[in-house]
Structures are given as C-alpha cells and as structure tokens.
Amino acid sequence: MENRKQNEAYDALDPNGNITIKWDIMSWTPDGYVAVVTIFNFQKYRHIQAPGWTLGWTWAKKEVIWSMLGGQTTEQGDCSRFKGNIPHCCKKNPTVVDLLPGTPYNQQIANCCKGGVINSWVQDPANAASSFQLSVGSAGTSNKTVRVPKNFTLKAPGPGYTCGPAKIVRPSKFKTADQRRETQALMTWNVTCMYSQFLSQKTPSCCVSLSSFYNETIVPCPTCTCGCQNNITQPGSCVEGNSPYLASAIAGPGKNSFTPLVQCTSHMCPIRIHWHVKLNYKEYWRVKITITNFNYRMNYSQWNLVVQHPNFDNLTQSFSFNYMGLTPYGSINDTAMLWGIKFYNDLLMQAGPMGNVQSELLFRKDKATFTFDKGWAFPRRIYFNGDNCVMPPPDAYPWLPNASSRPIISVIQTIMAFLASLAFLSAFA
C-alpha cells in the first residue's frame, strides 16, 4: 500500500509540479510580526477547484493571530486569557480559508479573495497564486527568536496534498510598482506540498472510451470504473437522466456540497472522455475528442485535458480548444495540454443536454512512425483536471479489420491445404 501511495504521488507528466507556500515576514511588531503568506500553484495543469484551499499549521510556541487581511480562520478558539483587545484567533492549530469575491476593499490584499480557487500556472498564470496577511502576536520579534510553525496541512479542497516541513530560505525580494526600487522580506520560509491522487480519492474520477472510422466497435469505459449502480453501501448514488425525481435529487441533501451526483451509467464516472479516430487523409489524420460531464452537481470551470500520444509532435491544428505542448521528458514532445477557449467552451456544464464540450485535432503523418495498427492511433494516457483517467484494456481497442487473427489463421490453413494437395499429387506421380 505504501508503494502505491508513493507511485501515485509522482506524476510522470509533471515531475516538478507542487504547491509552494511562502511565508514572508514583512515587519516586526511589539510582540511579533506581520507576514504575507502566498500559496503558489506550480503544477502545470492541476487546479485548486471550488470550494477552494484550506491551510492549517501548528504554532511552535503560544502565538496568536491578532488580525488578518485577505483570509480568515475558521475558528477563533479560546481567547479568555486576553483582556481588552481580543485576537482574531487563539488556537494552537489554526485553519485558514480564503475570503470570497466581493470582499470589501479594506479587507483585501493582492491575490486574495477568490474563494480559495487557484488555477494552474500554464493555463492561467495570472491566477496561479493566492495570498493573505496576518499579524502574529506572542511570537519572537527578530529572526533569532521567531519559531517556524509545524505540521502544515493543505486541503485543496480534499486531502490530496502532503506537506513537508517549513524551511527557512533566503528572504524574498520585491520590486516597487515603478520598478525602480527593490525591497526584501525580513525573514522567509517555504513549505512544499505534493499531490497524490490516491490520497485525494479512493476511486477514479474519469474514464476514457474509444472508437474509430475503420471499426464498428465502440469501446466503452470499463464497467464499474468509478463505482457500480448496485452498490449496497451507497444506495441512490446515481440517478437516471429521465427520472421524474431528478430535480428533487439534485436539490436534496448535499445540494450545496461538492459530493457528486452522477447519471446512472455502466462506469459511474463524473467525467468521460471519448477519443474517436475520425478521418484518414493522404498526409493527415483527424481525431475528435468529446468530454462529457455526468455530474449533476458540478460545473467544471477552467477545465483542462492532458493527453499523451506520440504524434503530438506533428499536431497541425486544434479546432476549438487551446493547445500547449508539454515536454516532461526533455526534448520529446508527446504530451499536449488542451483547455477551453474563454467565454466559449471553458465552462463544462453539469450533466444534461449541454454537459459536454468537443473539438477536433488534425495531425500530420510521420511516415516513419504512423500506423493505425495495434491501437497506435489511441492515446497512451489522459488526465482530466490533473487526475489520471482509466483507459480501456489494450486488447479491447478497435483493431484494423485486417489485423485480426482470423485472416492469419485462414492463410495458414490455405498454405497447409496447398502443401497437403502437393503431397497427395506427388504420391500418385
């Protein structure tokens, strides 16, 4: 089990991706300091989605938070030892969340107040960070007496991230608005958090189906990929699209939560990606990708898709998705990141008639490698919003009609019959 966790925590397509929490002490106060904490998303394609991040830690001493901007703790804790001014939070292990959009300006700082949502740095670098400011009391008043907090935890929004210890680093430097002066923090420490899909969710969240123009077979997502309809432990875990109880199920218990309510399917996944090999030209070939949302409670804003296929180094055109090539293996360009065009298809609507987006990809053929044989035209792996989707088993892929075992057997039988006839004729010669 431990080996599985380690393997799931390593992302081969984004080996250096992480969440870095930077804690900058900007000034000293009579009993502590004022710090700006910034959460940087250095993952290429994994977002922190709604309901957003939750950051926690344990104080090294008896620190308290006097006040905050751009964020707030979820609990105040026991502040009975204070008379007069009451701190914002007195808990030994505070939990901080981002403020919501529309927060009054006098409670904001830069990069705050997005409801905890942080986009990936490749897709939306302007919104790949989130910050808050806190005034800490009952702490040291110099870099020799301040103690670094311990046991950092990051939920984004689930338990998928594991954070290492805080490490004191070289103080951060900042440019003034006119770019003519440079200032620096008095003290800085960093915390690095890594993602594990296994920790985030015990079951997959997406699956892949396949089809092609040269074979009538449509390969569906594997049965029970993300769950089964006849799950005794979770009755009512799905709902039929034409059910008269659909509206009440959506508005029922959990309607304000992010617990999926999925349409009843054989795979029971919230998301399905369908890869269809559509056309074959003399110099090019064409693929259609369809992403379908089966979750009645979730609109996926700023969704993205990461696809690994050896022909992406010859991608000619993506017709209605944004595209960026990723090179996780140095110079080998076999991985693409695809996402929606702003105000057009960057919002993947919840389950229903509008709950899908699609595009087509045009590839140029490389005569040295191109083939439709043995499933080469299908992707090696697909991620949706950073989570690895379950592929069908390779032996189920649509094969070329002349690639089946039947013609081979018939040829062998023909040759054997021909040799037998020669032997028979030679016996009477």
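Filtered by the rule that a residue be open to solvent by less than 20 Å² (accessible area, probe 1.4 Å) and either basic (Lys, Arg) or assigned to a loop (DSSP other than H, G, I, E, B) (or both), segment 266-280 gives His267, Met268, Cys269, Pro270. Of everything listed in (1) open to solvent by less than 20 Å² (accessible area, probe 1.4 Å); (2) within 20 Å of the chain's Cα centre (by Cα), the single unmet condition for Val117 is (1). The residues of segment 26-54 that are out of contact with any Ser or Thr (no Cβ under 7 Å at 6 or more places or on another chain) and either open to solvent by less than 20 Å² (accessible area, probe 1.4 Å) or free of Cβ contacts under 8 Å to residues at least 12 places away in the same chain (or both), listed by number, are Ala35, Ile48, Gly52. The residues of segment 120-134 that are surrounded by 17 or more Cβ atoms within 10 Å (Cβ to Cβ) and under 22 Å from the mean Cα position of the chain (by Cα), listed by number, are Ser120, Trp121, Val122, Gln123, Asp124, Asn127, Ala128, Ala129, Ser130, Ser131.
Does Ile109 qualify as being surrounded by fewer than 18 Cβ atoms within 10 Å (Cβ to Cβ), touching a Cys at 6+ places or on another chain (Cβ under 9 Å) and either assigned by the TED database to the domain that holds Trp53 or free of Cβ contacts under 8 Å to residues at least 12 places away in the same chain (or both)? The answer is no for Ile109.
Considering Gly137, Gly102, the condition of being farther than 30 Å from Leu338 by Cα and under 33 Å from the mean Cα position of the chain (by Cα) is satisfied by Gly102 alone.
Based on what the data block shows, is Tyr397 more than 22 Å from the chain's Cα centre (by Cα), within 23 Å of Thr265 (Cα to Cα) and not small (Gly, Ala, Ser)? Answer is yes for this residue.
In this structure, Thr54 does not qualify as more than 19 Å from Ala166 (Cα to Cα) and modelled with pLDDT of 95 or more. Taking segment 155-171 as the range and being open to solvent by less than 80 Å² (accessible area, probe 1.4 Å) and over 22 Å from Gly56 (Cα atoms) as the test, only Pro171 passes. Step by step: first the residues of segment 209-261, then only those that are among the charged types (D, E, K, R) and modelled with pLDDT of 75 or more, then the one that is most open to solvent (accessible area, probe 1.4 Å). Which residue is that? The qualifying residue most open to solvent (accessible area, probe 1.4 Å) is Glu216.
Per-residue answers, yes or no, for (1) under 25 Å from Lys202 (Cα atoms); (2) not small (Gly, Ala, Ser):
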| site | (1), (2) |
| --- | --- |
| Arg272 | yes, yes |
| Glu283 | no, yes |
| Ser301 | yes, no |
| Asn304 | yes, yes |
| Gln308 | yes, yes |
| Leu326 | no, yes |
| Tyr329 | no, yes |
| Asp334 | no, yes |
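The sole residue among Asn41, Asn93, Asn85 that is polar (S, T, N, Q) and modelled with pLDDT under 95 is Asn85.
Evaluated against (1) part of a strand (DSSP E or B); (2) open to solvent by less than 30 Å² (accessible area, probe 1.4 Å); (3) under 19 Å from Thr141 (Cα atoms), Val96 falls short on exactly one condition, (3).
Among residues of segment 299-310 that are more than 9 Å from Asn385 (Cα to Cα), those with a beta-carbon under 6 Å from a residue that is basic (Lys, Arg) and in a strand (DSSP E or B) at least six positions away or on a different chain give the pairs Gln308/Arg381.
A single member of Thr292, Thr316 is under 22 Å from Asp346 (Cα atoms), among the hydroxyl-bearing types (Ser, Thr, Tyr) and open to solvent by 70 Å² or more (accessible area, probe 1.4 Å), and it is Thr316. Within the bounds of segment 198-208, is there any residue that is part of a strand (DSSP E or B), at pLDDT 95 or above, touching a Gly at 6+ places or on another chain (Cβ under 9 Å) and surrounded by 13 or more Cβ atoms within 10 Å (Cβ to Cβ)? Among the residues of segment 198-208, not one is part of a strand (DSSP E or B), at pLDDT 95 or above, touching a Gly at 6+ places or on another chain (Cβ under 9 Å) and surrounded by 13 or more Cβ atoms within 10 Å (Cβ to Cβ), which makes the answer no. The number of residues in segment 281-308 that are part of a strand (DSSP E or B), at pLDDT below 95 and out of contact with any Asp or Glu (no Cβ under 9 Å at 6 or more places or on another chain) comes to 2.
Going residue by residue through segment 298-309, is there one that turns out to be open to solvent by 40 Å² or more (accessible area, probe 1.4 Å) and more than 17 Å from the chain's Cα centre (by Cα)? For segment 298-309, residues open to solvent by 40 Å² or more (accessible area, probe 1.4 Å) and more than 17 Å from the chain's Cα centre (by Cα): absent.
The values are calculated or read from the model by the stated rules, or taken from the named source; none is laboratory data. Since we're looking at a predicted model, the values are computed, not measured. All Cβ positions, glycine included, derive from the backbone under ideal geometry; neighbour counts span all protein chains shown. Just the protein is used for accessible areas: all its heavy atoms, side chains included, with ligands, DNA and RNA removed. Shrake-Rupley method; radii C 1.70, N 1.55, O 1.52, S 1.80 Å.
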